[in-house]
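The values are calculated or read from the model by the stated rules, or taken from the named source; none is laboratory data. From a predicted model like this one, the values you see are computed outputs, not experimental measurements. With ideal geometry, Cβ positions are generated from the backbone for all residues, glycine too; neighbour counts draw on all protein chains shown. The protein model used for the area step is the full one, side chains on, heavy atoms only, and it has no ligands, DNA or RNA in it. Shrake-Rupley method; radii C 1.70, N 1.55, O 1.52, S 1.80 Å.
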Amino acid sequence: MPSRTAPTPAVRMTDYIPRPDRFDSAGKDQLIDAHDLEVTQPGMRTLGAWSHRALAVRAGESALDIGSGTGSEVLAFADAVGPTGTAVGVEPDPNLLASAQRRTTADGSSARFVSGDAYGLPFGGDTFDAVLCERVFQHLTAPARAAAEIARVLRPGGRAVVVDCDWATSIVHPGDRRVVDAVIDTLISSTTNPLSGRRLGGLLTGAGLVVDEIGSHALVQDRTVGAGALVSRIAELAALRGVITTAERDQLITDLQAGADRGDIHISVTLFGALVHKPN
């Protein structure tokens, strides 16, 4: 993170290498994720606890995590369903899939992981009692297809929790308002489906599911951090695109660090979670 006296070094567009998008090859490169809102683990834990309480996976049930990453949620599902149940994760990224499988072996867990994506879940219809899908829809060009897949694999009476960001709820304070707005607009325009959080209820209803609850939780960055990884990276991209100058980028980073130093800083984004069920 740049100091207050050392401005961010100049970069070229070719220096800005986005992350590969692991959810939708037709979508935009994955530049952002809620995990980049540095030091938000308390908020992520709160959201995860709500998801598990809402799903209330029981012994003997079958549970699925779509976009399972390194497998933490599936391992928790495996503990909940016990030896008579099934816990499966679907993950398109081979490196994350391999990591999850190593964790499963090391833990002696019954969790299973398979390659696949939200558009074509490799299971028959009416297979799962519970489905979890976190921070996937924001990366999808056709989220309605993913919602339909969730509805397809759920058993009648089964339930699902879908969680995602709404990047238009982002707050960055302090800083020049025009510069902050340009950075947030850059963040939104760099995301395939940036308003996914507010669309979850409608998408899942459109797939024939019944919405039981919509919850929200703001991920607030630690107030001692300053700009942090997410804002720093998006501010660099905004400067590279020419919507702010490099001097404005540097001043924003300086303003945020000064705000952190005096206790006057707020950086956050809101995530929304939808609990739904499939009618009998």
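Tally Lys/Arg at +1 and Asp/Glu at -1 over every other residue whose Cβ is under 14 Å from the Cβ of HIS217; what's the total? Write out the running numbers ahead of the final one.
Working: positive: ARG45, ARG53, ARG135; negative: GLU134, ASP164, ASP166, GLU213.
With Lys, Arg at +1 and Asp, Glu at -1, the net is -1.
How much of the accessible area of segment 136-176, probe 1.4 Å, is carbon plus sulfur, in whole percent? Spell out each step's value before the answer.
On the way: 650 of 1120 Å².
So the carbon and sulfur contribution to the accessible surface is 58 percent.
Could you do me a favour and compute the accessible area per residue for the chain, 1.4 Å probe, result in Å²?
Heavy-atom accessible area per residue stands at 42 Å².
How much of the DSSP bridge set in the chain is antiparallel, in percent, rounded to the nearest 5? Intermediate values should be presented prior to the final figure.
Numbers: 22 of 40 bridges.
Percentage antiparallel, nearest 5: 55.
By how many degrees, between 0 and 90 and to the nearest 10, does the Cα long axis of helix 196-206 differ from the longest principal axis of the chain?
Once rounded, the angle reads 30 degrees.
Label segment 89-176 by shape, choosing from rounded, prolate and oblate, from the square roots a ≥ b ≥ c of the eigenvalues of the Cα gyration tensor; if a/c is under 1.5 it is rounded, and otherwise prolate applies when a/b is larger than b/c, oblate when it is not. Please list the in-between numbers first.
Details: a/c = 2.18, a/b = 1.34, b/c = 1.63.
The shape class here is oblate.
Roughly how tilted is helix 228-241, in degrees to the nearest 10 and between 0 and 90, from the longest Cα axis of the chain?
70 degrees
Would you give the gap between the C-alpha center of segment 46-114 and the C-alpha center of segment 133-168, rounded to a whole Å?
If you average the Cα positions of each part, the centres end up 17 Å apart.
If each DSSP helix of 4+ residues adds -39,500 (n - 2.57) and the sum is divided by the residues in the chain, what number results at 222 nm, nearest 500 deg cm²/dmol?
On the way: 8 runs with 105 residues, N = 280.
That comes out to -12000 deg cm²/dmol.
For a test of the definition: using alpha carbon positions, the gyration tensor, and the 1.5 limit on a/c, classify segment 153-265 as rounded, prolate or oblate.
Numbers: a/c = 3.70, a/b = 2.16, b/c = 1.72.
Judged from the Cα gyration tensor, segment 153-265 comes out prolate (a/c at least 1.5, a/b above b/c).
Could you sort 114-122, 162-170 so that the peptide with the highest average Cβ count within 10 Å comes first and the rest follow in order? Intermediate results must be reported in sequence, preceding the final value.
On the way: 114-122: 16.7, 162-170: 23.1.
Going from most to least packed, we get 162-170, 114-122.
Which residue, THR86, SER190, ALA26, has the largest displacement toward the positive end of the dipole of the chain when charges sit on each Cβ (Lys, Arg +1; Asp, Glu -1)?
It is THR86.
Carbon-plus-sulfur fraction of the accessible area of segment 40-83, 1.4 Å probe, in percent?
Working: 980 of 1750 Å².
Of the solvent-accessible surface of segment 40-83, carbon and sulfur hold 56 percent.
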